[in-house]
Amino acid sequence: MATTPPPQTYRVKSFGCQMNVYDGERMAELLGAQGIRPAAEGEDADLVVLNTCHIREKAAEKVYSDIGRLRRDDGSSPLIAVAGCVAQAEGEEIMARAPAVKMVVGPQAYHRLPAMIEQATLGKRAVDTDMPAETKFGALPARRKVGPTAFLTVQEGCDKFCTYCVVPYTRGAEISRPFNDLVAEAHKLVEAGAREITLLGQNVNAWRDDSNRGLEKLIETLSEIPELARIRYTTSHPNDMTDGLIAAHGDLPKLMPFLHLPVQAGNDRVLKAMNRSHTADSYLRVLDRVRAVRPDIALSGDFIVGFPGETDAEFEDTLKLVDAVGYAQCFSFKYSPRPGTPAATMDGQIAPEVMDERLQRLQAALNRDQLAFNQRSVGQRCTVLVERKGKYPGQWLGKSPWLQSVHFTGEAEIGALVEVELVEAGPNSLAGRLLA
Ligand code: 5AD
Ligand code: SF4
């Protein structure tokens, strides 16, 4: 067995959702704590972690092509670890198909990376897709430097078993991290520079602690951190929007007026076949309650077109729901059969060209509403959290409370909260005028 010198440099490439971005950051911190440093831009890394996503099509194929691309001119490869949900779902297969991969590590096992790296340098390949009872979080080093916006995973996994979705299989059952751990991590993030924290979970609004406190209690406690200016959470299930959490949108000024609440489809038969356990109407009623306490809330959602058996008329119901809501921004996808999920073997799989056509129509409606939402914001004064420099000298980019990208010129710095008047709207961003 060929041995490899211990890696000096690493690169973590994360794909997919924000949870993967968070996991990627934590893996980077873990590798940093081992004395491995991030490879510079353009530098060949000794260790590459591909932190993969399995939610939709071609994810696995993409991993194999990424692995191929890591091969160097002399035929050698860096130490490659495949992490994330493709690792969880197809670990053994990856090992069999890609000899360059030395480590396969699932989303619940990545705290064991250092030991796996040590084995890999001795020429031993390892797969760890355990979902251990002890959580990885306790075994990870403390948070280091972060930018003005940070993610904090509070909940992982899903018990909902929507019939199209791999998450319950790749991320496992719903678990909530303990209240005190989360408050401590939030303090660390703020000390490291975060002004905004987004609480993450596959079903973040299902978060509960042992004393049955819900997400609103956590948000309330985090609101008391003076230097923390903004709190967001994503992503939520309509059935877990409790009265308490809805009330928090009216009561807690640091909780930003933005709600990502996926609906997936607007037809009740389709929703039932998806095992969504809500109807179009019950979803709309939840939104009414949120709007009652926070009239300016920006609404967001996810949609799937072409679920097996979806008829043209059923798809029209999705468009009707979109018209009824008036979303600020959304994600929409063509249904993608995921191996091992119930929907993958359902009758009535929809032809690709039908899906294309439906997606185009849906996205046209969503784009129209997004532009309209942005245009309605023109003339408003709001706070922008500055995230980075813009393309032009003196230009800055940041986010409005409604999660819109805003650019402006003038005196500012990264991490500052500045007052602007929104003066011009495009589909994807707004121009702001800095107020004194
Ligand atoms: N096909 C298409 N979209 C999917 N999503 C989840 N599973 C699938 C699938 N099999 C979408 C849902 C979910 C988002 C994260 O990804 O809209 O809310
Ligand atoms: Fe997947 Fe449904 Fe769970 Fe969301 S609620 S992660 S779509 S199973």
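Going by the structure shown, is ARG56 of a type in the set (Lys, Arg) and either in the same structural domain as GLN18 (by TED's automatic domain parsing) or at pLDDT 95 or above (or both)? Reasoning before the result, please.
Working: of a type in the set (Lys, Arg): yes; either in the same structural domain as GLN18 (by TED's automatic domain parsing) or at pLDDT 95 or above (or both): yes.
Yes; evaluated as a whole, the condition is true for this residue.
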Please go through (1) touching a Pro at 6+ places or on another chain (Cβ under 9 Å); (2) within 22 Å of LEU152 (Cα to Cα) for ALA45 and return the number of the only condition it doesn't satisfy.
(2)
Give the range 163-181 a look and list any residue that's away from ligand 1 (no atom under 16 Å from the Cβ) and among the polar types (S, T, N, Q), or say none.
SER176, ASN180
Under 7 Å between Cβ atoms, at least 6 apart or on separate chains: pull out the pairs that start in the range 391-412 with a residue that is assigned to a loop (DSSP other than H, G, I, E, B) and end on any residue that is open to solvent by less than 60 Å² (accessible area, probe 1.4 Å) and among the aromatic types (Phe, Trp, Tyr).
TRP402/PHE258; LEU403/PHE258; ALA412/TRP396
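Given the criteria crowded, with 17+ Cβ neighbours inside 10 Å, of a type in the set (Gly, Ala, Ser) and modelled with pLDDT of 95 or more, does GLY91 qualify? Full working, then the answer.
Working: crowded, with 17+ Cβ neighbours inside 10 Å: yes; of a type in the set (Gly, Ala, Ser): yes; modelled with pLDDT of 95 or more: no.
In short, no.
Could you say which residue among ASP369, ASP281, ASP302, ASP296 is charged (D, E, K, R) and over 21 Å from THR235 (Cβ atoms)? Don't jump to the end; show me each part of the working.
Working: ASP369 fails: over 21 Å from THR235 (Cβ atoms); ASP302 fails: over 21 Å from THR235 (Cβ atoms); ASP296 fails: over 21 Å from THR235 (Cβ atoms).
Answer to the selection: ASP281.
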Any pair with Cβ under 8 angstrom, 6 or more apart, that starts in the range 248-277 at a residue that is farther than 13 Å from GLU314 by Cα and of a type outside the set (A, V, I, L, M, F, W, C) and ends at one that is at pLDDT below 95 and within 12 Å of ligand 1 (Cβ to nearest atom):
none
Does ALA40 satisfy the criteria of being more than 30 Å from CYS162 (Cβ to Cβ), surrounded by fewer than 14 Cβ atoms within 10 Å (Cβ to Cβ) and touching a residue at least 60 places away in the same chain (Cβ under 8 Å)?
no
The condition from (1) part of a helix (DSSP H, G or I); (2) open to solvent by less than 20 Å² (accessible area, probe 1.4 Å); (3) within 16 Å of ligand 1 (Cβ to nearest atom) that TYR233 misses is numbered (1)
Candidate set from the range 168-185 (those that are in a helix (DSSP H, G or I) and within 26 Å of GLU196 (Cα to Cα)); member that is least open to solvent (accessible area, probe 1.4 Å)
LEU182
Residues of the range 152-165 that turn out to be open to solvent by less than 10 Å² (accessible area, probe 1.4 Å), more than 19 Å from LEU228 (Cβ to Cβ) and part of a loop (DSSP other than H, G, I, E, B), as a count:
1
Scan the range 226-265 for residues that are over 14 Å from ASN205 (Cα atoms) and within 16 Å of ligand 2 (Cβ to nearest atom) and report the count.
3
Conditions (1) open to solvent by 60 Å² or more (accessible area, probe 1.4 Å); (2) in a helix (DSSP H, G or I); number of the one not met by SER282
(1)
Filter the range 331-354 down to the residues that are within 16 Å of ligand 2 (Cβ to nearest atom), out of contact with any strand residue (DSSP E or B) (no Cβ under 8 Å at 6 or more places or on another chain) and polar (S, T, N, Q) and list them by number.
SER336, THR341
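Does THR345 qualify as being of a type in the set (S, T, N, Q), within 12 Å of ligand 1 (Cβ to nearest atom) and at pLDDT 95 or above?
Working: of a type in the set (S, T, N, Q): yes; within 12 Å of ligand 1 (Cβ to nearest atom): no; at pLDDT 95 or above: yes.
No, not satisfied.
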Can you tell me which of (1) more than 26 Å from the chain's Cα centre (by Cα); (2) surrounded by 14 or more Cβ atoms within 10 Å (Cβ to Cβ); (3) part of a helix (DSSP H, G or I) is the one ALA344 doesn't meet?
(1)
Quick check on the range 6-18. Is at least one of its residues at pLDDT below 95, more than 17 Å from LYS136 (Cβ to Cβ) and assigned to a helix (DSSP H, G or I)?
yes
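What residue, of GLN349, GLN360, is surrounded by 14 or more Cβ atoms within 10 Å (Cβ to Cβ), among the polar types (S, T, N, Q), closer than 15 Å to VAL305 by Cβ and not assigned by TED's automatic domain parsing to the domain that holds HIS54?
Working: GLN360 fails: surrounded by 14 or more Cβ atoms within 10 Å (Cβ to Cβ).
The unique qualifying residue is GLN349.
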Just checking, how many residues over the range 204-214 are part of a loop (DSSP other than H, G, I, E, B) and surrounded by fewer than 21 Cβ atoms within 10 Å (Cβ to Cβ)?
5
Within the range 110-169, restricting attention to residues that are aromatic (Phe, Trp, Tyr) and within 26 Å of ASP209 (Cα to Cα), which residue is nearest to ligand 2 (Cβ to nearest atom)?
PHE161
Name every residue in the range 369-399 that is surrounded by 14 or more Cβ atoms within 10 Å (Cβ to Cβ) and among the basic types (Lys, Arg), in order of residue number.
ARG376, LYS389, LYS399
Which residues, counting only those in the range 304-330, are within 16 Å of ligand 2 (Cβ to nearest atom) and touching a residue at least 60 places away in the same chain (Cβ under 8 Å)?
ILE304, PHE307
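If I ask for residues that are of a type in the set (Asp, Glu) and touching a Ser or Thr at 6+ places or on another chain (Cβ under 8 Å), which ones from the range 406-427 would you list? Give the steps one after another, and end with the answer.
Keep residues of the range 406-427 that are of a type in the set (Asp, Glu), which gives 411, 413, 419, 421, 424.
Selection gives GLU419 alone.
The values are calculated or read from the model by the stated rules, or taken from the named source; none is laboratory data. These figures come from a predicted structure and were not determined experimentally. Quick reminder, even Gly has a Cβ in these numbers, built from the backbone with ideal geometry, and neighbours come from all protein chains shown. The protein model used for the area step is the full one, side chains on, heavy atoms only, and it has no ligands, DNA or RNA in it. Shrake-Rupley method; radii C 1.70, N 1.55, O 1.52, S 1.80 Å.
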